[in-house]
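What follows is a single structure, written as structure tokens, with notes after it.
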Amino acid sequence: MLAGDLYAFEDLLSDDEAAVVRRVRDFLQAEVVPIANDHWARAEFPSHLIKKYADLEIAGRESSSLLNGWLALEMARADASMATFFGVHAGLAMGSIRMCGSPEQQERWLPGMASFDQVGAFALTEPTGGSDVAAGLRTTARREGDEWVLDGAKRWIGNATFADLIVVWARDEADNQVKGFVVRGDAPGLVATKIENKIALRTVQNADITLTGVRVGEADRLQNANTFKDTAKVLRQTRSGVAWQAVGVMLAAYEIALDYSRTRTQFGRPIAKFQLVQDLLVRMVGNLTGALGMCVRLAQLQDAGQYRDEHSALAKAYCTTRMREVVGWARELLAGNGIVLDYDIGRFVADAEALYSYEGTREINSLIVGRAVTGQSAFV
């Protein structure tokens, strides 16, 4: 039982699902946690772990939304950077092909991605556009016979420096609609440049991408991605995954603070015996429990086919906001020790800032929910 799972939500997993979670948890504790701070500090990706993720056999498997969410939680609890790596590959890239690809395309790409023989990336965000990407996408696609020519630029593209396949979203010059293309990472005209000097998710290899006359065959255009609404279907699914990641970060922060409170002594006794310290811990576990309960219900709605945009938007906005509070309180509890990597919490404080912003800011997700509850759109 996880220390922060006060209401025993993990018990909702079936026996088989619980066995998968325990196997992944053991792997993360043995392979990821011991190296997380070092790779984060050096902003280097642990490439040797890629095939070990393959051995877990969790990418692309048919699973309940509850299991998928819990796995995202476990990964973020160990290291938000590695959770992001997996989410980009298995969620955004594989999810785009699964939801928007033809049966032939799914058969061609998904098995190799499930085995991590091919690593995926997802290129939507652009240097001058983020929240307005639906209307403001500037990367273009021009059809020439059986090929498409892509021109433009992308930014913040995770995994892009080493990805084998990159799902690129571009606006068709002919009909002005957004379409998806699976582009080889080594395609002529595609250049991925690592973004340096990040203060969050430093292990993730985010890149700026330029596309100059990149040629893609019609066979590599996602056949069921014809408007931005198709792109949004992918984002709705992965946005809920970020909510689960936020819960994982909260769990880690709470566990670090709780353990520290039991071993750190002041005035001759553990600080866990002080009322103000207990108040911080209770605030943390309260945020954590509320957010986890929301994610569990969200997973149930997904599996029941009652899942709407506002459900994932609210979960992402709420959980990441509560996460920011929790990591701040945990850092506060550790005082000066909270700002060095030796005690782990500093990494989670920094990484929380990225989770708070990606997959839709709190403001944009709030407007999605606001539109749903009022029936009125407040978007510009």
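Laboratory data are not the source of any read-out in this text; all were calculated from the coordinates shown. Treat the numbers as computed from the prediction; the structure is a model and nothing was measured. Every residue, glycine as well, gets a Cβ built from its backbone with ideal geometry; the counts of neighbours run over all protein chains shown.
At-a-glance table
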| quantity | calculated |
| --- | --- |
| Residue of L49, L222, L258 that the Gaussian network model of the chain assigns the largest fluctuation, springs spanning Cα pairs under 10 Å | L49 |
| Neighbourhood charge, 15 Å Cβ-Cβ cut-off, centred on G185 and excluding it, Lys, Arg +1 and Asp, Glu -1 | -1 |
| Candidates R362, R221, R143, ranked by Gaussian network fluctuation over the chain, Cα under 10 Å, top entry | R143 |
| Neighbour count of at most 16 Cβ within 10 Å plus DSSP loop: longest chymotrypsin sites (Phe, Trp or Tyr not before Pro)-free window in the chain | 8-161 |
| With at most 16 neighbouring Cβ atoms within 10 Å, loop GluC sites (Glu not before Pro) (DSSP) excluded, longest segment of the chain | 197-380 |
| Cα shape, the range 102-225, gyration tensor, a/c 1.5 rule | oblate |
| Charge context of M99, other residues only, Cβ under 11 angstrom, K/R +1, D/E -1 | +2 |
| Rg(Cα)/(2.2 N^0.38 Å) for the range 23-108, N = residue count | 1.16 |
| Rule-of-thumb Rg ratio for the range 266-344 [Cα; 2.2 N^0.38 Å; N residues] | 1.45 |
| Nearby lysines by direct alpha-carbon distance to K198 (threshold 22 angstrom, same-chain neighbours under 8 apart not counted) | K154 |
| For the range 208-223, 3J(HN,Hα) per residue [Karplus equation, 6.51 cos²θ - 1.76 cosθ + 1.60, θ = phi - 60°, Hz, x = Gly/Pro] | 8, 10, 10, 10, 10, x, 6, 9, 10, x, 4, 5, 9, 7, 4, 5 |
| Length-normalised contact order of the chain in % [C-alpha pairs under 8 Å, at least 6 apart] | 18 percent |
| Value of D in µm² per second that Stokes-Einstein yields for the range 219-372, Kirkwood Rh from Cα pairs, at 10 °C (1.306 mPa s) | 94 µm²/s |
| Listed candidates [x] 61, 56, 55; [y] 63, 44, 40; [z] 78, 48, 41 - label of the one calculated as Cα extents along the principal axes in Å | [z] |
| Degrees separating the helix 362-374 axis from the principal Cα axis of the chain, which is the longest one | 80 degrees |
| Candidate lysines for bridging to K316, where Cα separation is under 17 Å - those fewer than 8 sequence places away on the same chain excluded | K233 |
| Gaussian network model of the chain, Cα within-10 Å springs - most flexible of A19, A352, A123 | A19 |
| Local electrostatic count, I271, Cβ distance below 10 Å [Lys/Arg +1, Asp/Glu -1] | +4 |
| Distant-in-sequence amide H partners of Q205 (H built 1.01 Å from N, under 5 Å) | N159 |
| Stretch gain in nm, segment D279-F267, where the contour uses 0.36 nm per residue and the Cα spacing is subtracted | 2.5 nm |
